[in-house]
Amino acid sequence: MDSLRGRVGVVTGGASGIGRALAEAFAREGARVVVADLDEAGMAEVVGPIRSRGGEALAVRTDVTDLASVQALAGRAFDAFGRVHVLCNNAGVALWGGLETATHRDWQWVLGVNLWGVIHGLEAFLPRMIAQKEPGHIVNTASMAGLVATRGLGIYNASKYAVVGLSETLAKDLKPYAIGVSVLCPMGVSTRIRASERNRPAHLRNDRPSQAEPVELMGRSLAPETVAEMVLQAIFRNALYVITHDEGLEPLRRRFERMEQAIRQRKP
């Protein structure tokens, strides 16, 4: 797609951070926007200004860990606008601490949002997007932590590595349908992800709060609006990878050099 004018975009995790910036960017490009999140007040702060500028925006409270909730989101979106052209599976949470101390509830919570949230989005939207036989695009939010592992981020790494692999395969699978795929792999962005615990369900909270300190990421901290513009351009170019930071190049190079070395050093 070379334009979003007249198109429809859906953004999960759209009440703040990168999701909010994506919704606002899509609206500025002339798209009708569906904002999904658990934060109803935050969603109102997103859709209100869009509507005041003459745009069309819908807020739908959605729990991406629940397939029925995401299916209801898809129903609302298609009922309201008849089509969905861009789906951003963006909702995400972060958790710090070594894997040796991870609890089953930690795994359930992070994978439920970061991985199953993406899967539920595909299950709910993709069949309808294919059936409408129009150009489309799917953006899955992963992380540089889905390309390079970091100590103390094991569960988060696992969820984001899965999203990267899923997206790479999805791009191949959807070529016949004129639906592009991008996987967003940011490093530091000025969002509220460090406050992810605010949305952790009571039944998945640990009996004892974690004492782990948040991992300090290398590189700059970008504004969400800067990242949203990168995503917008990736949609227009049908680019698979959206890697936001130049600082990521060296860790990526070292990772693949180690892989090459492992092959070359094998004994006959």
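The values are calculated or read from the model by the stated rules, or taken from the named source; none is laboratory data. Note that the structure is predicted; figures quoted are calculated from it, not measured. Positions of Cβ are generated from backbone atoms using ideal geometry, with glycine treated the same way; all protein chains shown enter the neighbour counts.
You will find that of 21, 36, 44, the residue that is free of Cβ contacts under 8 Å to residues at least 24 places away in the same chain and within 22 Å of residue 113 (Cβ to Cβ) is 44 and no other.
Pairs linking a residue in segment 156-174 that is closer than 20 Å to residue 104 by Cβ to a residue that is modelled with pLDDT of 95 or more and of a type in the set (Ser, Thr, Tyr), with Cβ atoms under 6 Å and 6 or more positions apart or on different chains, are 160/143. Each residue in segment 184-213 was checked for being assigned to a helix (DSSP H, G or I), of a type outside the set (Lys, Arg) and at pLDDT 80 or above, and 3 pass. Scanning segment 174-196 for residues that are out of contact with any His (no Cβ under 8 Å at 6 or more places or on another chain), surrounded by 13 or more Cβ atoms within 10 Å (Cβ to Cβ) and not polar (S, T, N, Q) yields 174, 177, 178, 183, 184, 185, 189, 192, 193.
Comparison of 234, 171 shows that the only residue that is over 16 Å from residue 144 (Cβ atoms), at pLDDT 95 or above and buried (at least 17 other Cβ atoms within 10 Å of the Cβ) is 171.
Each row is one residue, and each column tells you yes or no for (1) small (Gly, Ala, Ser); (2) touching a helix residue (DSSP H, G or I) at 6+ places or on another chain (Cβ under 9 Å); (3) modelled with pLDDT of 95 or more; (4) surrounded by 24 or more Cβ atoms within 10 Å (Cβ to Cβ).
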{"residue": "101", "(1), (2), (3), (4)": "no, no, no, no"}
{"residue": "105", "(1), (2), (3), (4)": "no, yes, yes, no"}
{"residue": "109", "(1), (2), (3), (4)": "no, yes, yes, yes"}
{"residue": "115", "(1), (2), (3), (4)": "no, yes, yes, no"}
{"residue": "119", "(1), (2), (3), (4)": "no, yes, yes, no"}
{"residue": "122", "(1), (2), (3), (4)": "no, yes, yes, no"}
{"residue": "134", "(1), (2), (3), (4)": "no, no, yes, no"}
{"residue": "143", "(1), (2), (3), (4)": "yes, yes, yes, yes"}
{"residue": "158", "(1), (2), (3), (4)": "yes, yes, yes, no"}
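Checking each residue in segment 19-73 for being in a strand (DSSP E or B), of a type in the set (Val, Ile, Thr) and within 19 Å of residue 235 (Cβ to Cβ) picks out 33, 34, 35. The single condition from (1) more than 23 Å from residue 7 (Cβ to Cβ); (2) of a type in the set (A, V, I, L, M, F, W, C); (3) not in a helix (DSSP H, G or I) that residue 155 fails is (3).
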